[in-house]
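What follows is a short report on a single structure.
Only the coordinates and a few stated rules stand behind these numbers; no lab work does. Just so it is clear, the model here is predicted, and its values are computed rather than measured. Neighbour counts are summed over all protein chains in view; Cβ atoms, including those assigned to glycine, are modelled from backbone coordinates with ideal geometry.
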Amino acid sequence: FCFLSLTLIFEPFDSLNGEVKPRILLMGLRRSGKSSIQKVVFHKMSPNETLFLESTNKICREDVSSSSFVSFQIWDFPGQIDFFDPTFDYEMIFRGTGALIFVIDSQDDYVEALSRLHLTVTRAYKVNPDINFEVFIHKVDGLSDDHKIEKQRDIHKRANDDLADAGLEQIHLSFYLTSIYDHSIFEAFSKVVQKLIPQLPTLENLLNIFISVSNPSAVAHSQADTGTWRMCLAGLLSQRYNQELLICIKLERVTGSSQKI
């Protein structure tokens with residue numbers, strides 16, 4: 001569901017339980033791959049099919065509810081819109097945002113993208129210092145491993161140098177190498193979503209208790225680690241795993257058995 005004007009945008013209110021859902025903004029320059037990411041992750045579109053997607057020219061909002069605890073909204077912004085035009089209420093947008101994902105095309109000249117990233121982050125931070133700023137260095141499938149690392153280091157250094165020059169060293173940017181042609185995009189999105197789930201520590205604790213009861217001899221090795229939750233959340237996002245695997249994956253790791261319970 002898309003909007004032609006920001007004046008039509010409202011708070012992401014969940015009428016069923018009276019709660020405000022976390023909001024994730026997907027931003028970046030035109031043709032950076034934002035809409036392709038959304039279609040592959042949330043609509044199970046084949047990566048090859050995204051080649052035929054038209055450029056986004058509207059602000060699109062989508063509700064995502066992969067489970068009872070993974071529930072949020074994602075807003076896809078077209079790259080050609082000037083979000084800081086006086087006619088747009090960018091303060092309202094950033095005020096209700098939990099995470100801002102900025103997508104950079106790694107195979108393109110990213111000087112303009114870095115400039116736009118800096119402008120977006122600094123404006124957003126002034127409105128809402130609690131936003132998680134996530135940078136997807138995208139379309140890395142065509143790069144060698146050495147080139148990927150080189151790109152990440154260069155973008156990381158330039159982005160943070162720009163913040164330091166502006167006296168904003170306190171702003172933290174997280175960087176991810178992503179591609180829609182492998183699991184990296186699901187892994188990156190799962191890490192972003194993890195930060196927006198307030199129940200995550202409780203869920204980890206409950207999972208550890210469950211494992212300790214099911215297999216007391218494995219208690220010493222049964223602490224739910226971040227990697228396990230990334231795998232589970234990535235599966236929930238892509239809908240390639242069902243909720244049963246949230247427990248089965250962990251039990252297989254601890255017991256060495258793939259038998260379901």
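Need the list of lysines near LYS151 for cross-linking: C-alpha distance under 22 angstrom, and skip anything on the same chain fewer than eight residues off.
Partners within reach: LYS34, LYS139, LYS191.
Return the Cα extents of segment 23-196 along principal axes one, two and three, sorted largest first, each rounded to a whole Å.
Per principal axis, max minus min of the Cα coordinates gives 41, 39, 30 Å.
With a sphere of radius 13 Å drawn around the Cβ of ASN132, what net charge do the other residues whose Cβ falls strictly inside it have (Lys, Arg +1; Asp, Glu -1)? Before the final figure, lay out the partial values.
Values: positive: ARG23, LYS191, LYS195; negative: ASP130, GLU134.
Around ASN132, the charge tally is +1.
For every other residue with a beta carbon closer than 13 angstrom to the beta carbon of GLU169, add +1 if it is Lys or Arg and -1 if Asp or Glu, then tell me the sum.
Result for the neighbourhood of GLU169: -3.
What is the distance, in nm, between label points placed 7 Å from the Cα along the Cα-to-Cβ direction at GLU169 and at LEU53?
The answer from the label model is 3.8 nm.
What does the net charge come to around ARG30 if you take all other residues with beta carbon closer than 15 Å to its beta carbon, with K and R at +1 and D and E at -1?
Within the 15 Å Cβ shell, the charges total -2.
Packing-wise, with mean Cβ within 10 Å as the measure, how do 182-195, 151-164 rank, highest first?
182-195, 151-164
Which aspartates and glutamates have a Cα less than 19 Å from the Cα of LYS126, not counting those fewer than 8 places away in the same chain?
ASP82, ASP85, ASP89, GLU91, GLU134, ASP161, ASP162, ASP165, GLU169
Rounded to the nearest 20 Debye, what is the dipole magnitude of segment 23-196 about its Cα centre when Lys and Arg each give +1 and Asp and Glu each give -1 at the C-beta?
400 debye
By its C-alpha gyration tensor, with a ≥ b ≥ c as the square roots of the eigenvalues, how is segment 33-95 shaped: rounded for a/c under 1.5, else prolate for a/b larger than b/c, else oblate?
Since a/c reaches 1.5 but b/c is at least a/b, the shape of segment 33-95 is classed as oblate.
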